[in-house]
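The values are calculated or read from the model by the stated rules, or taken from the named source; none is laboratory data. Note that the structure is predicted; figures quoted are calculated from it, not measured. Don't worry about glycine lacking a Cβ; one is built from the backbone with ideal geometry, like all the others, and counts go over all protein chains shown. Only protein heavy atoms, including side chains, enter the accessible area calculation; ligands, DNA and RNA are left aside. Shrake-Rupley method; radii C 1.70, N 1.55, O 1.52, S 1.80 Å.
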Amino acid sequence: MSQEGKGPLTMSHGAGGANMQKMIGDLIVPVLSNRRWRRPVIQVPLDALDDSAVVDGIVFTTDSHTVRPIFFPGGDIGSLSVAGTVNDLSVVGAEPLALSCGLVLEEGLAFEELERILRSMAATCKRAGVPVVTGDTKVVERGAVQKIVVNTSGIGRRSPLLDRNLKEARRHRKVGGNWLLDSNLRPGDAIILSGAVGDHGIAVLSQREGYGFGSVIKSDVAPLNMMVEAALKAGGVVSGKDPTRGGLANLLNEWAEKSKTGIVVEEGSVPVHDGVRTACEMLGIDPLSIGNEGKAVFGVVRERAEAVLRALRRTKEGREAALIGEATASVKGVVLHTTVGGRRILEQPAGDPIPRIC
Ligand code: MG
């Protein structure tokens with residue numbers, strides 16, 4: 001459990017991959033563990049390490065944002081901080097209700113930049129229909145953070161559509177979890193991705209490093225609560241998650257491990273925009289391990305896969321949704337059927353190939 005003798009933290013401990021999960025699993029969760037608390041009643045506890053917790057029926061999550069640079073094509077730290085928290089609430093099957101906004105501002109930040117960030121937060125709140133209702137502001141010395149850190153926490157309540165959605169799934173098979181948990185996937189379930197991966201990470205990276213990839217790649221940052229609602233309306237969704245840090249590769253490995261099932265993914269079915277593919281080839285990065293901020297992945301009982309896919313494609317955020325694979329007992333871990341006809345293990349990334357993107 002002790003991390004002593006292993007040297008200090010590195011950037012990889014915040015990268016959403018295996019190193020970060022080891023630190024959380026070996027140190028943070030054991031110390032803060034809350035499974036044995038009698039009150040409040042914790043339905044989804046800390047050690048589930050899911051997108052949100054559930055406490056006395058209230059869905060609760062938090063996220064700190066340290067993206068560099070703070071403005072990038074398609075978004076900024078303001079839109080990111082609202083969408084990130086709205087999405088973590090939505091993908092477990094909650095209706096987001098309200099957010100907090102904790103600002104850590106560095107001496108020297110221009111008021112114009114702060115105002116631009118706040119207006120972007122407000123616009124994203126409006127789009128999602130979720131208000132900021134409480135907050136905190138601190139200022140730190142020059143050099144203590146890079147311009148600004150934004151923490152947003154959010155609360156939600158059980159979506160009115162969730163019970164009917166799970167009932168639809170239970171017409172076809174047993175579903176243990178009462179929320180859209182990482183551990184709910186079973187062999188036979190379809191894996192549906194709501195759109196193309198890699199846009200956010202590449203957009204931030206190219207702005208940071210001044211790369212010109214021939215075309216401007218825009219971040220996909222967007223609140224997904226309306227899109228998730230459409231999927232729930234179709235019915236049969238058992239798991240939901242947003243492929244943020246560590247990307248799709250990390251998400252699928254988390255699902256496989258927590259659900260104790262193998263997953264097979266058809267590489268050719270995973271949507272990747274041309275500009276992102278070119279950039280990834282130039283940089284030697286796998287688009288499947290890049291973080292996204294406007295995508296969700298759904299585990300769906302096979303019989304409802306087509307209906308959920310159609311429902312997603314009718315939404316603005318899910319118009320490029322695709323069936324990318326299935327859970328199966330015939331493999332261990334996550335196996336990728338490659339476009340050239342091969343098979344390879346899709347490993348959990350150790351760290352993020354592109355740090356500081358959220
Ligand atoms: Mg998440």
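Side notes on the structure shown:
- The set of residues from segment 146-177 being part of a loop (DSSP other than H, G, I, E, B) and at pLDDT 95 or above comprises 147, 159, 160, 161, 171, 172, 173, 174, 175.
- Sole exception among (1) of a type in the set (A, V, I, L, M, F, W, C); (2) in a loop (DSSP other than H, G, I, E, B); (3) within 16 Å of the ligand (Cβ to nearest atom) for residue 86, by number: (2)
- Qualifying position, being at positive phi, in contact with a helix residue (DSSP H, G or I) (Cβ under 7 Å, 6 or more places away or on another chain) and in the same structural domain as residue 289 (by TED's automatic domain parsing), among 188, 240, 177: 188
- Single residue of segment 54-83 satisfying the filter (farther than 19 Å from residue 293 by Cβ and either free of Cβ contacts under 8 Å to residues at least 40 places away in the same chain or assigned to a helix (DSSP H, G or I) (or both)) that is most open to solvent (accessible area, probe 1.4 Å): 56
- Criterion: farther than 22 Å from residue 281 by Cβ and either part of a helix (DSSP H, G or I) or outside the structural domain of residue 91 (by TED's automatic domain parsing) (or both) - qualifying residue of 221, 197, 204: 221
- Applying the criterion of being within 13 Å of the chain's Cα centre (by Cα) and under 18 Å from residue 44 (Cα atoms) to the residues of segment 240-271, the residue that is nearest to the ligand (Cβ to nearest atom) is 242.
- Residue 284 meets all of the listed conditions (1) on the phi > 0 side of the Ramachandran plot; (2) open to solvent by less than 20 Å² (accessible area, probe 1.4 Å) but one, namely (2).
- Checklist (1) open to solvent by less than 40 Å² (accessible area, probe 1.4 Å); (2) of a type in the set (A, V, I, L, M); (3) more than 16 Å from the ligand (Cβ to nearest atom) applied to residue 216, failing item: (1)
- Among residues that are away from the ligand (no atom under 13 Å from the Cβ), modelled with pLDDT of 95 or more, out of contact with any strand residue (DSSP E or B) (no Cβ under 7 Å at 6 or more places or on another chain) and not in a loop (DSSP other than H, G, I, E, B), residue 112 is included.
- Of everything in segment 89-100 that is more than 16 Å from the ligand (Cβ to nearest atom) and of a type in the set (A, V, I, L, M, F, W, C), the residue that is surrounded by the most Cβ atoms within 10 Å (Cβ to Cβ) is 97.
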